[in-house]
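Read-outs: derived from the displayed coordinates by stated rules, not from any lab. As the structure is a computational prediction, the values presented were derived from the model and not from experiment. Here the Cβ positions follow ideal geometry from the backbone for every residue, glycine too, while neighbour counts run over all protein chains shown.
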Ligand SMILES: NC(=O)c1ccc[n+]([C@@H]2O[C@H](COP(=O)([O-])OP(=O)(O)OC[C@H]3O[C@@H](n4cnc5c(N)ncnc54)[C@H](OP(=O)(O)O)[C@@H]3O)[C@@H](O)[C@H]2O)c1
């Protein structure tokens, strides 16, 4: 990875997450990287060739070419992919970026049969819209410079936060899996409003705008979250009545329980892979 050479960044796997990351890098036109890809179904890679992404026949070809390799396959596919690379003698001298839920840096090294630098990241699907949130961590072999380069891959499609690796399972519940909780809440609000006869074609659009607006307030208002809640709840008003139901039914506790279940599952996957 010399200063005047573009870094060869290969993706193994051409699914949702790889496509989202590549789209982000192409959109921002980051000059740091030259992109390559290999996947089980080559046809999924072909459209990327027109954008200058090199499509390789095999994972080993892509990894041999690369300086940095993003493992964009499911946790259960890691064993096949990493043992193929190990058998091809690929490991030393490369940086690996793992995005699989629950798979530790140590597990990547073990399956690869080599002690290599591993960046472990947990992105989420809003990355497809360039609005991802990605937590990233690293093992001891990743230098500050290499870590900063790896962070750019995710910063091209949203925001990033740096964590110690032992918090990577817990963060899945907060950002990786959390879009699904919000989709459920959006769906419940939309369904109930329609049941109450609010049938404007732009209803869903406006609910989504409300979510975006609330998120902007949560992030940028000088008020903290408790104050923001209080400011919507006029005494004796409608919101106060609604919030009473949510507290009585224990919504914060339900969310905490769901998040704990999510983390437990990540720990289970970690023991499996
Ligand atoms: N989806 C999320 O919300 C999310 C969030 C954070 C992290 N992640 C992590 O991101 C990773 C990828 O998820 P995804 O949603 O992008 O999955 P996906 O859409 O299923 O993509 C996986 C890709 O890997 C390819 N593949 C499978 N076996 C392969 C092999 N032996 N060699 C090369 N390519 C192979 C698949 O090929 P085919 O096209 O032939 O199936 C597919 O293109 C997972 O580890 C997941 O835990 C996902």
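Extension gain for residue 74 to residue 162 (0.36 nm times residue separation, less C-alpha to C-alpha distance): 29.4 nm.
Sequence-distant contacts, meaning Cα pairs under 8 Å at least 6 residues apart, place the relative contact order of the range 111-152 at 39 percent. Largest GNM mean-square fluctuation among 25, 128, 184, using the chain with Cα springs under 10 Å: 184.
Largest mean-square fluctuation among 48, 85, 246, in a Gaussian network model of the chain whose springs join Cα atoms under 10 Å apart, belongs to 246.
The GNM of the chain, with springs linking C-alpha atoms under 10 angstrom apart, assigns the highest mean-square fluctuation among 16, 224, 190 to 224.
Dividing the mean sequence gap of close Cα pairs (under 8 Å, 6+ apart) by how many residues the chain holds gives a relative contact order of 16 percent.
Largest first and in whole Å, the equivalent-ellipsoid semi-axes of the chain read 40, 21, 17, each the square root of five times a Cα gyration tensor eigenvalue.
For the pair the range 80-117 / the range 120-163, the C-alpha centres are spaced 18 Å from each other.
Radius of gyration over Kirkwood radius for the range 185-234, both on Cα atoms: the Rg/Rh ratio is 1.07.
Using per-residue counts of other Cβ atoms within 10 Å, averaged over each peptide, order 115-126, 234-245 from highest down.
115-126, 234-245
Over the chain, dividing the summed -39,500 (n - 2.57) contributions of all DSSP H runs of at least 4 residues by the number of residues returns a 222 nm mean residue ellipticity of -15000 deg cm²/dmol. Between the alpha-carbon centres of the range 190-232 and the range 1-63 there is a gap of 38 Å. Rounded if a/c is under 1.5, else prolate if a/b is larger than b/c, else oblate: which is the range 15-61, with a ≥ b ≥ c the root eigenvalues of its Cα gyration tensor? Prolate is the answer for the range 15-61, as a/c is 1.5 or above and a/b outweighs b/c.
Using only alpha-carbon positions in the range 178-269, the gyration tensor eigenvalues give semi-axes of 24, 19, 16 Å once each is multiplied by 5 and square-rooted (largest first). Computed from Cα positions, the angle between helix 144-155 and the longest principal axis of the chain comes to roughly 50 degrees.
Taking every DSSP beta bridge that has both ends in the chain, the antiparallel portion is near 15%.
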